[in-house]
Ligand SMILES: C[S@@+](CC[C@H](N)C(=O)[O-])C[C@H]1O[C@@H](n2cnc3c(N)ncnc32)[C@H](O)[C@@H]1O
């Protein structure tokens with residue numbers, strides 16, 4: 001049962017291992033995501049889908065897959081097999097060809113049912129920050145890729161959190177962007193009762209993490225709203241104007257590492 005609506009949940013662990021709140025957040029997140037004006041629908045998923053490309057006949061692993069709905073769409077578009085892993089264990093009834101596993105994305109090879117398997121595409125869509133150790137999680141994922149495989153990883157612009165905290169704390173962008181202390185975070189649209197504890201990160205931190213895991217950036221994107229979507233949902237354009245959005249990366253193994 002989702003206790004998050006009646007009781008405050010505080011993840012007293014850093015972002016790396018703050019998985020428990022997601023048992024409470026899962027339904028609020030999915031409800032917010034499916035709203036017509038959600039940024040996931042308007043901006044993030046279209047950009048993620050575009051960067052992923054044709055999935056026909058490709059083995060796809062979605063790490064931190066939420067309820068599995070995005071993966072189910074990919075299976076409908078030809079991905080096979082399509083496997084999702086999420087710590088919340090709150091899944092849709094999987095359609096044929098989709099396997100949804102409860103597990104930790106910090107060590108994908110240790111998730112029961114995944115040992116020894118290889119995937120053409122491994123996705124970390126707004127889930128990478130929850131890995132206990134980002135470099136280790138990516139090294140493990142890298143070793144699970146097929147020869148021409150890649151990782152699709154998206155993460156919130158770190159500037160966004162810095163601006164939000166500067167507003168809250170009456171500080172400056174630079175003070176918050178370069179801060180190192182973990183901070184409490186509540187998402188207004190998901191469930192304000194649930195508190196996540198997040199570690200600040202900079203762009204350099206992110207890029208150094210990819211390098212340390214033996215990955216290079218084949219492509220990067222900072223998706224924005226289309227003019228049409230902005231005209232329909234000006235309040236969401238205003239959010240992006242103020243806080244920016246997400247970063248999307250296509251990551252490939254650096255050969256011989
Ligand atoms: C912001 S949601 C993104 C969900 C989905 N990837 C999407 O793009 O809609 C983050 C997801 O990561 C999952 N998560 C958090 N910590 C995790 C962990 N340690 N292992 C696996 N999944 C985790 C949460 O349960 C949640 O479904």
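Secondary structure note: in the chain, about 45% of the DSSP beta bridges are antiparallel. Average projection, convex hull of the Cα set of segment 126-242: 9.2 square nanometres. The alpha carbons of segment 71-199 give a radius of gyration and a Dmax of 17.3, 51 Å, in that order.
In this entry, segment 3-253 is assigned a mean projected area of 13.2 nm², taken as a quarter of its C-alpha convex hull surface.
Between the alpha-carbon centres of segment 187-257 and segment 83-118 there is a gap of 23 Å.
Which length gain, in nm to one decimal place, applies between residue 181 and residue 224 when the Cα-Cα distance is subtracted from 0.36 nm times their residue separation? Don't skip to the answer; put the middle values down first.
Values: separation 43, 0.36 × 43 = 15.48 nm, distance 2.97 nm.
Using 0.36 nm per residue and subtracting the Cα-Cα distance, I get 12.5 nm.
Tell me, 148, 104, 133, 191 in order of fewest to most beta-carbon neighbours within 10 Å? Mind showing how you got there, number by number?
Working: 148 8, 104 19, 133 14, 191 22.
If I rank by nearby Cβ atoms, fewest first, I get 148, 133, 104, 191.
Rounded to the nearest 0.05, the FRET efficiency derived from the C-beta distance between residue 93 and residue 172 at R0 = 35 Å is 0.10. When 29, 177 are arranged by Cβ crowding within 10 Å, least crowded first, meaning fewest neighbours, the order is 177, 29. A simple packing score, the average count of other Cβ atoms within 10 Å per residue, orders the peptides 216-225, 135-144 as 135-144, 216-225, with the highest score first.
Order these by the 10 Å Cβ neighbour count, fewest first: 172, 156, 202. Numbers along the way, then the final one.
On the way: 172 11, 156 18, 202 15.
Fewest to most other Cβ atoms nearby, the residues stand as 172, 202, 156.
Helix-only mean residue ellipticity at 222 nm, the chain, DSSP H runs n ≥ 4 weighted -39,500 (n - 2.57), per residue, nearest 500. What is it? Computed mean residue ellipticity for the chain: -9000 deg cm²/dmol.
Quick note: the coordinates plus some simple rules give every number you see, no bench work behind them. Remember, predicted model here, so these are calculated numbers, not experimental data. Neighbour counts are summed over all protein chains in view; Cβ atoms, including those assigned to glycine, are modelled from backbone coordinates with ideal geometry.
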